[in-house]
Amino acid sequence: MLGHHLGVTWRVLRRRPLHAALSIAVLTLGLTCFLAAGLFARYLDGFDRAFPSADRIYVLHQSFDAPANGLKTSLTPQSAFPVADQLRLDVPELEAVARTSLIISRVNAEGAEAQSLPVLYAESDWTRIFGLDVVAGELAGALARPATAVLTSETAIKLFGTTAAVGRNLTVEIPPRRVDVTVAAIANVPGPSHLSDSQFTRGVGIFCSWDVYEPGIPAFTRGNWAFPSVTTYLLLPKDESLTASRLDDRLRALAERPLPDPKAKIGFAARPVSESVKNRIAMWIQGFGLGGLPLDITTILVGLGSLILGIACLNFINLATAGSAGRGREIGVRKSLGATAQAIIAQDLLRTAALAAISAALACGIIYLTVLPFGDPLRAIVAMPWWMPSFWIEIGVLLIGVTAAAGLYPALVLARVNPASALRIGKSPSGPPLLRTVLVGLQVASAAFLCFAVTVAYMQATALRETAVERFSDQYVVLGAALRATSGRPFDVVAAELARGPGIRGVAGMSASPWQALGSLAAVRRTPDPDGAQVPINNRYVTSDYFALVETPLLAGRWFSRDRADDTAPSSREDLQRRTSPPPVVIDRQAVADLGWPNPADAVGKLLYPGNLQQPMEIIGVVENQPFALRSRESNAYIYALAPQQTFVTLVRIDSSQARAALEHIDDVWRRLAPNAPITRTFLDEAFERAYSAFNTLSRVAAGIASFAIAIAAVGLLGMAGFVTARRTREIGLRKTQGASSHSILLLLLWDFSKPVVVANLAIWPIAYIAARSYLALFVERMSLTPLPFAATLIATLLLAWAVVGAYVVAAARLNPAVALRHE
């Protein structure tokens, strides 16, 4: 029986090759997208699974909320320094607790040239938690001895030229100290891990003992429970005497300990180390400190892949039901010879299964060939696990699901064919015409929505670049905090050294890196009443030349002046108490609006009262919004204070015509002032692109998904065009005999194909508007949501539909009426 069904399937496919090719094309596109998304999700789920104790390793997360200061952070994978010691006392069931700190350090091996490498400084129990793959030496207790290190094979070769490096020495620079350490072992990080190199992580090649790092930890950090400064790893016991849920209960109790601020609250939670990379990606997209995505990133990936596969299945149903009309005589003959409805359904489902199997094979081939030219780690993202039996089981289940979803309804349509009428007219019903129209509309609606999303993302990126970077007349260089921190010089000294060079047009300082850091959030009031309404505002410290350097217009009042000593913000509580006048601040236009003043001039001279009841601040000026931030948060308003000692990020304005000389001078100053710190500088526009890379990635993913959806919809329209024009051939002949011109026939057919496209666009506009508003709300600077993206999407989908169906429509409009009237 199976052989008979396979033979019938083969004959049907040979007899209608174009229909089979279109069906295979839509399923191939859908399966390619779904399989790629599934492989990507499998890759992300596989992170940190290769460690022997992977299921028992957890990362401590901490949150902080101080209503008095308006400071609030969501759970982040870092914790305060003293928490680990308290956990060892309060939760002795934990098999191991280890603090770590990852720092880019200068490392040189036995006098060779120093290299800047990521170094993980870890407590001795860290090697008990993470079982690395040992190549040489002894891993157990390797970091328990003073001044020791474990290297990966790649790093050992990079530093020593060989993996036979156990017992050899290298120097690690932790400014202002240089520490000689001994290599205790060579060991590699197994599998994809948050510690290994990948598209989403920067690998760690050196693991140093904690005693190398600990002496440089400030006393403030050591005793501060509200300042997350280290990563703390936890290892649950093998006997399950302490589960993750019980650990979270103990952590909640730990968070109840009193803090200096009685209104402040801290929170703790343990999260599996296997979720570290997924959480990092979610925070990378959503914005650090702003919370994660509402869904797991792998769920989002599989959901998007399922959406495209669903569109492909709808398209297949549309093509199959349309094509069933031409199989009326075949089905009538088979039924008259005794074939049952169940046999018809089984045979047609077998045909769909054959098409799905061919499509799956093509999809696997497309994915394999697409990533073949790329090396690791990119190739690993969608690597085909050919050797895993579970992969083939999943493929089998997928094919069964696709066969049922795409083939069951067309099979039922064929099974209901009346043999007498089918033999008489040679055709069979092809399902309700309204259903086909709805199916086409759903495909077009999905493609139109994705096109709209890509259009809005592109327009927002263009608007951001214009307002954030392209408005400047000169180039700017951002110097990392290591210059000030390592050199120990005051900002005025560093600025004076930089300003002496050719092409340097100005130097200023700021407390947060442009586009990267969110900065601190504080609460202020307009009245001294402690119960008065508080307004959250972002804090930023700057130097006196900052506003002029970045071309920020002054709206009212004045800027800070270096000639007025009382403009400088107090650097200590004693300094604050000695002041006879309120510390001056400058606010931006958004802060004026949030605080309730109608005009910028109304705010000048007014007092602001911090939530912590410290001395009030006096507003001396109002400037235009220039937040140097991308992501929106609870407040997009900014308050600026003059505090050169707090401005570790240096901004240098250079003449574009002398850029090379200016950069050489900047590097020379850095080497003289901070010889032990690696030079970290970048152009302002490069910093913007790095910060915006998450959204660029989202845009590319959306564009890729949209292209799949559009391709599937185009194939479906192409198949429908052939079916509809064939069904209306006789009607076209009658119209032409009544005097209709080819031009009018052409317009009629184009309008008939355009109606579902127009209706689909109109249907998705409300959803698209809500989605666009939600997306734009992520940003501080937002484009105006005009009718342009809606109109552009409608025009684009209409042009696509006309281009796809054009050949069929033109051929039908030019048909000879005599031939058309003979058509059955």
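Tabulated data for the structure shown
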item	result
Highest average packing first - 651-662, 394-405, Cβ atoms within 10 Å	651-662, 394-405
Accessible surface ranking that places the most exposed of Leu748, Leu362, Leu608 first, with a 1.4 angstrom probe	Leu362, Leu748, Leu608
Amide N of region 447-489 lying under 20 Å from the label point, which is placed 7 angstrom from the Cα of Ile104 along Cα→Cβ	476-489
Accessible surface, 1.4 Å probe, highest first, among residues His743, His61	His743, His61
Ranked packing of 626-636, 234-244, most packed first, by mean Cβ within 10 Å	626-636, 234-244
Length gained when the stretch Gln615-Asn599 is fully extended (0.36 nm per residue, less Cα-Cα span)	3.3 nm
Rounded to whole Hz, the Karplus (6.51, -1.76, 1.60) HN-Hα couplings of region 157-173, x for glycine and proline	5, 5, 8, 10, x, 7, 8, 7, 10, 5, x, 7, 10, 9, 10, 10, 9
Extension gain, Asp668 back to Ser784 (0.36 nm per residue minus Cα-Cα distance, nm)	37.3 nm
Rounded to whole Hz, the Karplus (6.51, -1.76, 1.60) HN-Hα couplings of region 88-99, x for glycine and proline	4, 7, 7, 10, x, 5, 4, 5, 7, 9, 8, 8
Simple spin-label estimate for Arg178 and Arg500 in nanometres, 7 Å along Cα-Cβ	2.5 nm
Distance-filtered residues of region 682-708 - backbone nitrogen under 20 Å, label point 7 angstrom along Ser473 Cα→Cβ	684-685
Kirkwood Rh in Å, taken over all unlike Cα pairs in region 606-693	17.0 Å
Rough spin-label spacing in nm, given labels placed 7 Å along Cα→Cβ, for Asp248 and Ala140	3.5 nm
Additional length obtainable on full extension of the chain from Glu466 to Arg700, 0.36 nm per residue less Cα span	82.2 nm
Probe 1.4 Å, accessible area per residue of region 465-520, Å²	42 Å²
Cross-link partners of Lys158 among aspartates and glutamates (Cα-Cα below 16 Å; sequence separation of 8 or more within a chain)	Glu110, Glu113, Asp197
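The values are calculated or read from the model by the stated rules, or taken from the named source; none is laboratory data. These numbers were taken from a predicted model, which means no experiment stands behind them. Virtual Cβ from ideal backbone geometry, glycine too; neighbours counted across all protein chains shown. We work out accessible area using only protein heavy atoms, side chains counted, and drop any ligands, DNA or RNA first. Shrake-Rupley method; radii C 1.70, N 1.55, O 1.52, S 1.80 Å.
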